[in-house]
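See structure below.
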Amino acid sequence: MDNYVKEYRDELTKYYDELKWLYCELYENRMDAFEELCRIMYRCYQERKRPLKELDTLRKENPDWYKGNKLLGMMLYVDAFAGNLEGVRNKLDYIEECNVNYIHLMPLLDTPEERNDGGYAVSDFRRVKPQLGTMEELEQLADDCHGRGISLCLDFVMNHTSEEHEWAKRARQGEQEYQERYYFYDNYDIPAEFEKTVPQVFPTTAPGNFTWLPDLNKFVMTTFYPYQWDLNYQNPVVLNDMISNVLNLINKGIDIIRIDAVPYIWKELGTNCRNLPQVHNIVRMMRIICEIVCPGVLLLGEVVMAPDKVVPYFGTVEKPECHMLYNVTTMATTWNCVATRDIRILKQQMDIVNSLPKEYVFLNYLRCHDDIGWGLDYPWLMQFGIGEVSHKKYLNDFLTGQYPESFARGELYNSDPASGDARLCGTTASLCGIEKALCEHDESALNRALRLDFMLHAYMLVQSGIPVIYSGDEIALQNDYSYHEDPRRKEDSRYLHRGKFDWNLAKERNIKGSVTERLFGGLALLEKIRQSHSVFGHDADVWTTETWDNSVLGIIRADKKEKLVALFNFSEFDKTAWINEDDGEYTDLISGRTMAAKGVDIPAYGVYWLMK
Ligand code: GLC
């Protein structure tokens, strides 16, 4: 027997009982459907190219391959960054110059020209959007990336399809079999029941969770936009076909699958239709399926939820689910601290994250393609008498530049006057004040803004896990207001920070003293330091330290060889970190200065990485 087939059989044997049990529990012993799933898995395994199987084997031998301090990610839109897939291939040198070895390409599968939610309304899971290239080009790009040691991440949009997907079209033509792949209702009775308990994702841009289809005389469930029809995972055919779709994609050479909007995939009347136990059942099955078919592939869960809902998506040590999750609360809390200059809640948040098992790998980020939702620890804030609605208003006022003296230029997202809730958009550079300072030719404000931007990145790079830069942030790309003019986009302010990558601006990274050069060069230095010191690795212990100044965050990392005391001043004033590490001289890895880690004076928006 071929060695690989034996390996497949061994893995299948290892997981078979659990997989069958999970499947049969979900689908009431539909053995025919389970057998079909097994056939899909085997077929996809046979189709998997030998070099990918070799990579699987290497990664199986070193299952921690993604965990250390060597991985640095970047997320980007293919068209905004380089026009198309071929363009991205030609820009791999630049990616490497950014010290990046993991790229997340934003959704690139086929979608309708309009009504596509930035690629998250897929009309064909087997086809690349023609403007961006072909499946062969995707495969070629993956090969090239692998040749350079770069991993590739793609989205798997599993909660819904576009209304133009073949299944949706056939459902619309009245084919029962395809209607059963979605949630259809003849009248509003059941939808009305759902609406009593299910919150809204886009309360302003797409209110409600159902859409009326006049041609069919039916309602269809649409948790996100009306043109994104929720798939019905209570139907095993949907799960089987979607597994087949994702394995097909993985076989093009994808290393990391971002499972989009995963908490939403199972719906039950009378619940909030988020994070239901069946979701975990499915994610666990996906993990098992990957272990059997493509064990080198990682699952990244997009779980934008409260912390107690996020962590369960790691599963347990014996029965893991996702390999990686977004550190979403830390991200939102970071921007909270930019607006308040008070780090206490961030310290508290880090203490929670640092107390989790080291097996849990978080993806750290400052900005991504979505809005910043203010999912903060409100019960904790309440001890200071800070209420949720008024606090969100302050954050939004500050970060949209409405608040006196604010330097930030963001825009609101899905502002809901009824609940007083709103989220926020904007690029890192614009939120940090670079846009305003440049506009007003204010040199000292510019210096301050650059320091803040740099400090935030230094903070992101000190956290445990995998840092991911949002493409454009490394060159201080500002907000793109052109979406206001685009009728297809103007309602969705997330396009504010989804602008075209500016290659002329990028060129300035070679012009000494330019804004781009200062930031790009600064980040490169931080990235190199992170990669070359073991203390940034996965095994290090990490804890926060009291600085006795509410604007200065102190983090300590230590492993057997090294100790790092990192200090971050979140305020526009010079401060002193009243720490007292009584063990002699430290060297700041960033400036090269030596100092004691005692009563450290730290300038406005300053950062120190003090190494022992
Ligand atoms: C995820 C994506 C977001 C999209 C939504 C619906 O949250 O990040 O951009 O709108 O899923 O697919």
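The values are calculated or read from the model by the stated rules, or taken from the named source; none is laboratory data. Note that the coordinates shown come from a computational prediction; the quantities given were computed from them, not determined experimentally. Heads up, the Cβs are rebuilt from the backbone with ideal geometry, glycines too, and the neighbour counts pull from every protein chain shown. For the accessible areas, the whole protein counts, side chains as well, though only heavy atoms, and no ligand, DNA or RNA atoms are used. Shrake-Rupley method; radii C 1.70, N 1.55, O 1.52, S 1.80 Å.
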Task: Carbon and sulfur %, accessible surface of the range 327-532 computed with the full protein complex present, 1.4 Å - done: 51 percent
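May I ask you to rank Arg409, Arg181 by accessible area, largest first, using a 1.4 Å probe over the protein chains only?
My answer, sorted largest first, is Arg409, Arg181.
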- [ ] Beta carbons within 10 angstrom, averaged per residue: use that to sort the peptides 133-143, 448-458, highest first.
- [x] 448-458, 133-143
Open item on the list: Under the rule of at least 5 residues apart or a separate chain, name every residue whose amide H is placed under 5 Å from the amide H of Gly433.
Closed with: Arg409
TODO: Provide the per-residue ³J(HN,Hα) series for the range 340-356, in order, calculated from phi with Karplus coefficients 6.51, -1.76, 1.60 and θ = phi - 60°, each as a whole number of Hz, with x at glycine and proline positions.
DONE: 9, 6, 10, 8, 4, 6, 6, 4, 4, 5, 5, 4, 5, 4, 5, 8, 7
TODO: Determine the sum of side-chain charges near Pro307: Lys and Arg each +1, Asp and Glu each -1, restricted to other residues whose C-beta is under 13 angstrom from that of Pro307.
DONE: -2
- [ ] Please get the size of the charge dipole for the chain, origin at its Cα centre, with Cβ charges of +1 on Lys and Arg and -1 on Asp and Glu, quoted in debye to the nearest 20.
- [x] 900 debye
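Is the range 327-532 rounded, prolate or oblate when judged by the Cα gyration tensor, a ≥ b ≥ c being the square roots of its eigenvalues, rounded requiring a/c under 1.5 and prolate requiring a/b larger than b/c?
Since a/c reaches 1.5 but b/c is at least a/b, the shape of the range 327-532 is classed as oblate.
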Task: Ellipticity estimate at 222 nm from DSSP helix runs (n ≥ 4, -39,500 (n - 2.57)) divided over the chain, nearest 500 - done: -11500 deg cm²/dmol
TODO: Would you mind pulling out the separation of the Cα centroids of the range 7-48 and the range 206-232, in Å?
DONE: 32 Å
Task: For Gly315, residues with placed amide H under 5 Å, excluding near neighbours - done: Glu321, Cys322
- [ ] For a quick protection proxy, order the peptides 535-546, 146-157 by their average other-Cβ count within 10 Å, most packed first.
- [x] 146-157, 535-546
- [ ] Sort Trp21, Trp212 from largest to smallest accessible area, using a 1.4 Å probe on the heavy atoms of the protein chains.
- [x] Trp21, Trp212
- [ ] Assign unit charges at the C-beta atoms only (+1 for Lys and Arg, -1 for Asp and Glu), then state the dipole size of the range 355-412 relative to its Cα centre in Debye, rounded to the nearest 20.
- [x] 80 debye
- [ ] Order the peptides 233-244, 387-398 from the highest to the lowest mean number of other Cβ atoms within 10 Å of their residues.
- [x] 233-244, 387-398
Task: the range 52-124: chymotrypsin sites (Phe, Trp or Tyr not before Pro) in DSSP loop, at most 10 other beta carbons within 10 Å - done: none
Open item on the list: Give me, ordered by chain and number, the residues 5 or more places off Ala596 or on other chains with an amide H under 5 Å from its own placed amide H.
Closed with: Tyr586
Task: Per residue, in Å², the accessible surface of the range 327-532 once ligands and nucleic acids are set aside, probe 1.4 Å - done: 39 Å²
Task: Alpha-carbon centroids, the range 404-467 and the range 510-573: separation in whole Å - done: 19 Å
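Please report, in debye to the nearest 20, how large the charge dipole of the range 227-281 is about its Cα centre when each Lys and Arg carries +1 at its beta carbon and each Asp and Glu carries -1 there.
Using only the charged Cβ atoms, the result is roughly 60 debye.
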TODO: Just list whichever of Lys347/Lys598; Lys129/Lys500; Lys528/Lys561; Lys319/Lys347; Lys129/Lys169 have alpha carbons separated by over 21 Å in the model shown.
DONE: Lys319/Lys347
Task: In order through the range 386-396: 3J(HN,Hα) via Karplus (6.51 cos²θ - 1.76 cosθ + 1.60), integer Hz, x for Gly, Pro - done: 8, x, 4, 5, 5, 5, 4, 4, 4, 4, 5
Task: In Hz, Karplus ³J(HN,Hα) per residue of the range 327-336 (6.51, -1.76, 1.60; θ = phi - 60°; x = Gly, Pro) - done: 8, 5, 5, 4, 4, 5, 5, 4, 5, 4
